[in-house]
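What follows is a set of notes on a single structure, which appears directly below.
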Amino acid sequence: MTIQSPFAASPLLAEVAGLSRPDLERLQLVKLRRQLARLYETSPYYRAKMDGAGLQSEQVTSLAVFRERFPLSNKADFLADQTEHPPFGGRLSIPRDRVALVNMTGGTSGQGQEIYGRSQRDIHMQGYLHALPWFLAGLRPGDMALNCVPAGGVTTGGWGPGEGLRIIGATGFHVGGTLSTDAKIDLMLKLGDVNFIYASTNYLHTLTEALMRRGIDPKEAFPGMRTLFIAAEGYPIEWAEKVEALWGCRLAEGYGSTQCAGFAGSTCDKGVVNDGKRGLIHLFEWENLFEVVDPVTLEPTPSGEIGELVVTNLSVEGSPVVRFRTGDAARFVAHGDTGSGWGWNAIECGTIGRFDDMMKIRGNNVWPSAIDAAVFAHPDVAEYAGRVYTTEDGKTEIEVRLALSETAAMQFSPEQRRALFQAVRGAIKERNNIWVTLIEVERSELPEFAYKARRWKDERQAGYRL
Amino acid sequence: MKIENPPQDDVILAYMLHLSERLCESTDALLVGQYRHLQDRIRALIELRECARKVEAE
């Protein structure tokens, strides 16, 4: 079933897409100055930052002045602020009794969890910043939607999707973390006319694998499926093309985080792959101001290069972030190079990683997402787990335990196995410049991930991580 | 027990409901769900206030 383009279906969106870059930056500056003036009055944390820099909101006469003079913050700053002013820190810029929802970061870094207080207005906007990317990707009022990300709890990802589906007027089934994969498939078969699935990249892989294992052709079983929307993890182009072919619909991707208070950008109606090339995540820059910088020099990253995303919330009320270093690594594409005709800057699909996930192995910068891309470019691989360790004589070794898909595990001859392992090993070397030792294991020996996958363990002591 | 239930709130909510009905006529597919969401919240407030008034009357 074809639907109207998002811009034809929403005059509001058409208006935003029609903003020229200078108009968009003027809007950003107006919102930024308003935000800074409010924060000076309401947030002890940001008042101290501004006083320390000798900067008042009226002195921010351009975005360039803001970038040059407003101090950066990072996770450690926020955690220290929370320790000093528990529980929300001096960042909270609304009265505590107006906090209607608490969001926390996942804590996977091991440093601690950032706490964010959300006002009722923020909750609506958090919903909107899920509804908007999904609308761009093809979700429409009245659609049947499956949310495979665990709902509830204290994460932004636990609440945003529910609000997003609710306010756009879709019928949401929040099955993440509550139904097993087989139970989800049974439900989908009962529903039949499912139009939209939201899942982590990894979980969409698991769901697709499980359907194939049961002999179900997704394209035939769910002919009304319009969009598969993924987030949170990288993937190879080959995988994206295979998933689109199997499901017979478009794969879309968003970039979001707790610090962005929802999704901060998404693919347009072209999806994640175009003519065999990676698509773009267009940033909703009227809600968040983005800088992409070299993580060492903090100089702006040129278009086409990888840099660290620095985010400023232009209108969040509760616990806004201003010039926050996300640690997220993305390939920056300036608005003039996107080919979209819009004034929005973009980042590349499928390659977003974390600077703190990067491993230094034998002198190479190795990104887990790049190894994922090399491994999962081979459709006969179901899952893998990696380990970097130091041998007794001080050598660095890399072990990858790899499980084949059920069909390959049952049907592959020893020669086919050898050929596949050689191809995977070669692909890892080609994309990451490291040779690894591959070991075949049963699929059941490796974990299944309901949300973000954690496939790597670096067991080296600090002095050996070179 | 005295329940505070000022009648002007009913007037305001009724007016808001009327205005929201006009918003729900929007053909903007990104906004119409949000307008219906707003309208249903107003309807819920009207309904729960009617319930309180019944208690007061008894």
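Some points to look at:
- The alpha carbons of the protein assembly as shown give a radius of gyration and a Dmax of 24.8, 87 Å, in that order.
- Taking the Cα centre of chain A as reference, the dipole from Cβ charges on Lys and Arg (+1) and Asp and Glu (-1) amounts to some 500 debye.
- Segment A:191-240-segment A:87-103 distance, computed between alpha-carbon centres (Å): 37
- Each part reduced to its alpha carbon centroid, segment A:26-45 and segment A:354-379 end up 39 Å apart.
- Summing Cβ point charges (Lys, Arg +1; Asp, Glu -1) relative to the Cα centre of segment A:316-466 gives a dipole of roughly 460 debye.
- Rounded to 10°, Cα long-axis angle of helix A:414-432 versus longest principal axis of chain A: 30
- Based on C-alpha pairs under 8 angstrom that are at least 6 apart in sequence, chain A has a relative contact order of 13 percent.
- Simple label model, 7 Å out from Cα along Cβ direction - A:Leu179 to A:Thr407, nm: 2.5
- Reachable lysines from A:Lys457, criterion Cα separation under 16 angstrom, eight or more residues apart if same chain: A:Lys360
- Value of [θ]222 nm, deg cm²/dmol, for the protein assembly as shown, DSSP H segments ≥ 4, -39500 (n - 2.57) each, nearest 500: -12000 deg cm²/dmol
- Span from the segment A:48-85 Cα centroid across to the segment A:296-320 one, whole angstrom: 14
- Top positive-direction residue, dipole computed over chain A with Cβ charges, set A:Thr312, A:His174, A:Ile347: A:Thr312
- Sequence-distant lysines (8 or more away, or on other chains) whose Cα lies within less than 26 Å of A:Lys270: A:Lys219, A:Lys242, A:Lys452
- Under the simplified labelling scheme, the A:Asp186-A:Leu246 pair shows an inter-label distance of 2.2 nm, with each label point 7 Å from Cα along Cα→Cβ.
Each value in this text was obtained by applying a stated rule to the coordinates, not by laboratory testing. This structure is a prediction, so every number in the text was calculated from the model and none was measured. Using ideal geometry, Cβ is built from the backbone for each residue, glycine included, and neighbour counts are taken over all protein chains shown.
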